[in-house]
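Step one of this worksheet: look at the structure below.
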Amino acid sequence: MSDSVDTSKWALVTGATGGLGRAFVRELVKRGRPVMLVSRRRAELDLLAREIQHSGGRADFADPDGHLWRIAFNPQFMPDN
């Protein structure tokens, strides 16, 4: 099994701003995986996405009101905590 990561495939992480979700996000980003962040806390989502992007990772987040879900999104990996 190869350790290489296909960076065109995004991981969707729910509960991304705290606890296990945040731990999943950090590990995925460390491994080079782009992440789609989902949480109810908009300000924390924005802060986390900026932190990831500042460190060279790729991140975006789903608006807690669901507006981003209008975009077709097909995650290849989805940890659910």
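Using alpha carbons only, the radius of gyration of the range 11-70 set against its Kirkwood radius gives Rg/Rh = 0.93. Using C-alpha pairs below 8 Å separated by at least 6 residues, the relative contact order for the range 11-70 is 32 percent.
Every read-out reported here was derived from the displayed coordinates using simple, explicitly stated rules and does not represent laboratory data. What you see is a predicted model; the values in this text were computed from it and never measured.
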